[in-house]
Amino acid sequence: MDMEALLTNSTLVLFGILFLGLALGNISIKGISLGSSGVLFVAMAAGHFGLSIPDGISAIGTALFVYCVGLGVGNRFFSSLKSRGKNLLILAGTIVLAGWLTAWGLCRLAGIDLTVAAGLFAGACTSTPALAASLDAAKAAGYDESVINIGYGLAYPFGVIGIVLFVQLLPRILRKGLSKNDKGSETDPHAIIARHVCCTNPEVLGKDLQALVLSTGMSCRITRILRDGILRPLRPSDTLNSNDEVLMIGERKKIAHDAAILGHFTNQGTNALICKDEDAKVIVLADKMSNRTLKDLDTLGNYGVTVSRITRLGNTFIPTPDTEIIRNDVLRVVGTPEAIGAFKKECGHRSTAINAADILSLTGGLVLGLLLGSVTFSIGGGKGFSLGMAGGPLVVALLLGHFGKIGPIAGYMPRPTRVLVQELGLMLFLAGAGITGGEKLVETLAGNGFSMFLIGAVITVLPLFIGYFVARKFLKMDIAETLGCICGSQTSTPALGAITSQTESQEPVIAYSTAYPIALIMMTVLAQLLVEMA
């Protein structure tokens, strides 16, 4: 076997880097591990020794990663921006401005040309759009563009590594676990819960449940009734008798109101028997069941099943009689096994379709994102900026996640698929970034001195501590949200990956997505300003 031939096989090198990087990332020392970021270190070593991977891998990885990040938080992004956007934007602006002032001040003190400072600033912030903007500005002004690339190449490796180490080590040093900030359903007013309700209100006794829901405008669903110690599914003929106990499903903030219409909460039936195979998930694929309201379908009267909740584009909610069912809705239904089986046939249900990934929507969304990223937005005086390979897909994914669909493109991907594509995209990005950063690292250090490397390191690290201090001391943000915003403010994809590997909370991802666009625009403009000040 010719080893030299193997090492020139760029595809083999790529997967070798991914394998060895993940193996390195799985090594834990006192609870600290690199995770996916291990790929970056292996790739930098490979780049130093002259190995290569297929062209364009880093760009593909970036687009996949940020697109999946956007889809994952799109349904909460705009509400978060409305409620907490001020703090996140203040923090992002503080961090970016601190980095710019550090680059300007240290380079002036050290007698380094501000064109080099622009490269150091872009590299320390790991911002390719900022690099491109400063190169364009240098070309227009007739400056030497190579010095910007040198500055970028010196600052970039530590820019990537420094922020990853910061978000990994800081919670441990401060003994503040990210998992403690996870927001579970225990206090979430929109969390869907089940409660047992004892029927004592004389005004509802003797009424059938379907008519009761319609007449009272209840927003919760009643799915079962206690009979002989068994919580059995509702039947069309069921009426409420005094002290009957029913199972109610609804949002936490609404269920107490609807329970009071019937009577009061009780724990008497919590140990009641629930028979197997009496609930199921059913995906609606048949046209005859689509675009019709639950009241029109009358699932209990016509099919013997009760729809307790609906999952649409990844969001689960409690339906009302006026809720319209649309194609690809996943219905959680309660009924006898026979009734559920018949209802599945009516809906055209296929179990494989529930978790199927829509590749058409994935590729279509990426095309829209990349097109948006290529558009240059003018800021006056002939200057402009573009969202780039990362910003464009992120913005489109956020819109898709919020609105659900843009034309035929759906803003939903099953979570297992989304997590897989997101992690794969992150690793491809890290492999490409590492190869690029490692190619001329030693040569650049030897030829241009260690001082510029140190300046780049300070440009990376100082704003992180300033940002953390401002967030915790003045903005009163929790650590998970703070670190997510710091990652977005430094446009650091690897650092976000390091955080998401430590916690199930979506707070860091939402903060990242909120801070990222403003940071991207500010970096692009400020990098050009350094060149113009040279």
Being in contact with a His (Cβ under 9 Å, 6 or more places away or on another chain), surrounded by 13 or more Cβ atoms within 10 Å (Cβ to Cβ), of a type outside the set (A, V, I, L, M) and over 30 Å from Ile510 (Cβ atoms), is that true of even one residue in the stretch 339-351? yes
Just give me the residues in the stretch 289-335 being in a loop (DSSP other than H, G, I, E, B) and either polar (S, T, N, Q) or closer than 21 Å to Ser361 by Cα (or both), in sequence order. Ser290, Asn291, Leu313, Gly314, Thr320, Thr323, Ile326, Arg327, Asn328, Asp329
Mind checking whether some residue in the stretch 253-264 is among the small types (Gly, Ala, Ser), assigned to a strand (DSSP E or B), touching a residue at least 60 places away in the same chain (Cβ under 8 Å) and open to solvent by less than 10 Å² (accessible area, probe 1.4 Å)? no
Residues that are open to solvent by 10 Å² or more (accessible area, probe 1.4 Å) and not charged (D, E, K, R), drawn from the stretch 517-534: Pro517, Ile518, Ile521, Met522, Val525, Leu526, Gln528, Leu529, Met533, Ala534
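Being open to solvent by 40 Å² or more (accessible area, probe 1.4 Å) and either without any contact (Cβ under 8 Å) to a residue 24 or more places away in the chain or of a type in the set (S, T, N, Q) (or both) is the filter; apply it to the stretch 294-310 and report the residue that is farthest from Ser219 (Cα to Cα). Working first, answer last.
Of the stretch 294-310, the ones open to solvent by 40 Å² or more (accessible area, probe 1.4 Å) are 295-296, 298, 301-303, 309.
Narrowing further to those that are either without any contact (Cβ under 8 Å) to a residue 24 or more places away in the chain or of a type in the set (S, T, N, Q) (or both): 296, 302.
Values: Asp296: 17, Asn302: 21 Å.
Applying the filter and picking the extreme gives Asn302.
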Residue selected from the stretch 467-492 under the condition closer than 20 Å to Gly162 by Cβ and surrounded by fewer than 24 Cβ atoms within 10 Å (Cβ to Cβ), by the criterion nearest to the chain's Cα centre (by Cα): Ile479
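Looking only at residues in the stretch 446-466 that are open to solvent by 10 Å² or more (accessible area, probe 1.4 Å) and in contact with a Leu (Cβ under 7 Å, 6 or more places away or on another chain), which one is modelled with the highest pLDDT?
Here the answer is Val458.
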Pairs where the first residue, in the stretch 395-423, is without any contact (Cβ under 8 Å) to a residue 12 or more places away in the chain and the second is buried (at least 16 other Cβ atoms within 10 Å of the Cβ) and in a loop (DSSP other than H, G, I, E, B), C-beta under 7 Å, 6+ apart: Phe403/Gly411
Among Leu170, Leu165, the single one that is under 37 Å from the mean Cα position of the chain (by Cα), open to solvent by 40 Å² or more (accessible area, probe 1.4 Å), at pLDDT 85 or above and under 30 Å from Gly456 (Cα atoms) is Leu165
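Conditions tested, residue by residue: (1) modelled with pLDDT of 85 or more; (2) among the small types (Gly, Ala, Ser); (3) surrounded by 18 or more Cβ atoms within 10 Å (Cβ to Cβ).
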| site | (1), (2), (3) |
| --- | --- |
| Ala357 | no, yes, no |
| Gly364 | yes, yes, yes |
| Phe377 | no, no, no |
| Gly381 | no, yes, no |
| Ser386 | no, yes, yes |
| Gly391 | no, yes, yes |
| Val396 | yes, no, yes |
| Pro416 | no, no, no |
| Val419 | no, no, no |
Here the residues within the stretch 208-247 that are surrounded by 16 or more Cβ atoms within 10 Å (Cβ to Cβ), more than 16 Å from Thr266 (Cβ to Cβ) and of a type in the set (A, V, I, L, M, F, W, C) are Leu209, Leu212, Val213, Met218, Leu234
Being at pLDDT 80 or above, of a type in the set (Gly, Ala, Ser) and touching a strand residue (DSSP E or B) at 6+ places or on another chain (Cβ under 7 Å) narrows Ala133, Ala194 down to just Ala194
Does any residue in the stretch 173-198 that is assigned to a loop (DSSP other than H, G, I, E, B) come within less than 6 Å, Cβ to Cβ, of a residue that is modelled with pLDDT of 80 or more and open to solvent by 60 Å² or more (accessible area, probe 1.4 Å) six or more places away or on a different chain, and which pairs are these? Pro189/Arg252; Pro189/Lys253; Ala191/Arg252
Report whether or not Thr336 is open to solvent by 50 Å² or more (accessible area, probe 1.4 Å), in contact (Cβ under 8 Å) with a residue 12 or more places away in the chain and not hydrophobic (A, V, I, L, M, F, W, C). yes
Inside the stretch 108-127, can you point out the residues that are touching a residue at least 40 places away in the same chain (Cβ under 8 Å), surrounded by 24 or more Cβ atoms within 10 Å (Cβ to Cβ) and in a helix (DSSP H, G or I)? Thr115, Val116, Ala117, Ala118, Leu120, Phe121, Ala122, Gly123, Ala124
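The values are calculated or read from the model by the stated rules, or taken from the named source; none is laboratory data. Everything quoted here is computed from the prediction, not taken from an experiment. When we count neighbours, we look across all protein chains shown, and the Cβ atoms used for this are built from the backbone with ideal geometry, even at glycine. What goes into the accessible areas is simple: the full protein's heavy atoms, side chains included, and nothing from ligands, DNA or RNA. Shrake-Rupley method; radii C 1.70, N 1.55, O 1.52, S 1.80 Å.
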